[in-house]
């Protein structure tokens, strides 16, 4: 992808996320959000004290909770509007540096090398996955990890959500189709990541997943092989073997 194409894509993303505060991006400590966080931490075998860069940190929905759990967190965000909201929601309570920039060409002031680069529903928003993973590899320690939580394009409810939700558009969300292991794993491998792995989980939207009975039923439903390929959330992980030449 050319520099001009990436620039146009990034401008679309700034406009898409800079119009208003989307409720799904607001910081919140709910069972739904906490499960996403704990699943990513466990899948990535992250430990308190690890230095983590969250790509696409938005308004701090996950960064604040990671900091509370003892991780040393920094954020990278493309949208100045979202960084402004990050600072507002932080209210000075979190010492989390946030850098305004693009993971395709990350700012030089990022304080790597990091133990892990993580993200929540961000890979689907990137213009060039291969280039983005090469940049991430340059920010990590040898043996560092890239761990991302993404939507599953084989789950039909995402397409319904895009269709009926005010403010969502297929033009901005079509990167959902790239969230397949046949696309992500080659991009990660070419950037120097090995030990590539995938895990799918979840079943219910927040309204149900935030209830006690919903969480119990979700655990049961996730175990059925019939629809495991279509479970809504995917975790992708890769380990950096060493520096690229």
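When we screen 189, 144, 138, 175 for residues that are surrounded by 15 or more Cβ atoms within 10 Å (Cβ to Cβ) and more than 24 Å from residue 10 (Cβ to Cβ), the only hit is 144.
The residues of the range 148-193 that are modelled with pLDDT of 90 or more, under 30 Å from residue 52 (Cα atoms), touching a helix residue (DSSP H, G or I) at 6+ places or on another chain (Cβ under 8 Å) and assigned to a loop (DSSP other than H, G, I, E, B), listed by number, are 152, 153, 154, 155, 179, 191, 192. Restricted to the range 48-58, and to residues there that are in contact with a helix residue (DSSP H, G or I) (Cβ under 9 Å, 6 or more places away or on another chain) and assigned to a loop (DSSP other than H, G, I, E, B), the residue that is surrounded by the fewest Cβ atoms within 10 Å (Cβ to Cβ) is 56. You will find that of 65, 78, the residue that is touching a residue at least 40 places away in the same chain (Cβ under 8 Å) and surrounded by 14 or more Cβ atoms within 10 Å (Cβ to Cβ) is 78 and no other. Against the numbered list (1) surrounded by 20 or more Cβ atoms within 10 Å (Cβ to Cβ); (2) in contact with a helix residue (DSSP H, G or I) (Cβ under 9 Å, 6 or more places away or on another chain); (3) not in a helix (DSSP H, G or I), residue 132 comes up short only at (3). Within the range 109-128, the residues that satisfy the criterion of being more than 25 Å from residue 170 (Cα to Cα) and part of a loop (DSSP other than H, G, I, E, B) are 109, 110, 111, 112, 113. Say whether the condition of being closer than 29 Å to residue 23 by Cβ, modelled with pLDDT under 95 and not in a helix (DSSP H, G or I) is met by at least one residue in the range 140-147. For the range 140-147, residues closer than 29 Å to residue 23 by Cβ, modelled with pLDDT under 95 and not in a helix (DSSP H, G or I): absent. For the subset of the range 5-38 comprising residues that are in a helix (DSSP H, G or I) and modelled with pLDDT of 95 or more, which member is surrounded by the fewest Cβ atoms within 10 Å (Cβ to Cβ)? Going through the qualifying residues, I end up with 38. Across the range 204-231, the number of residues qualifying as surrounded by fewer than 17 Cβ atoms within 10 Å (Cβ to Cβ) and either part of a helix (DSSP H, G or I) or in contact with a strand residue (DSSP E or B) (Cβ under 9 Å, 6 or more places away or on another chain) (or both) comes to 18.
Among the residues of the range 105-124, those that are within 22 Å of residue 179 (Cβ to Cβ), touching a helix residue (DSSP H, G or I) at 6+ places or on another chain (Cβ under 6 Å) and at pLDDT 95 or above comprise 117, 124. Listed by first and then second residue, the pairs with beta-carbon distance under 8 Å, at least 6 apart or on different chains, first residue in the range 133-158 and at positive phi, second assigned to a loop (DSSP other than H, G, I, E, B), are 143/241. Scanning the range 97-108 for residues that are over 14 Å from residue 135 (Cα atoms) and in a loop (DSSP other than H, G, I, E, B) turns up just one, 97. Against the conditions (1) out of contact with any strand residue (DSSP E or B) (no Cβ under 8 Å at 6 or more places or on another chain); (2) surrounded by fewer than 18 Cβ atoms within 10 Å (Cβ to Cβ); (3) over 22 Å from residue 201 (Cα atoms), residue 85 satisfies every one except (2).
The values are calculated or read from the model by the stated rules, or taken from the named source; none is laboratory data. Note that the structure is predicted; figures quoted are calculated from it, not measured. When we count neighbours, we look across all protein chains shown, and the Cβ atoms used for this are built from the backbone with ideal geometry, even at glycine.
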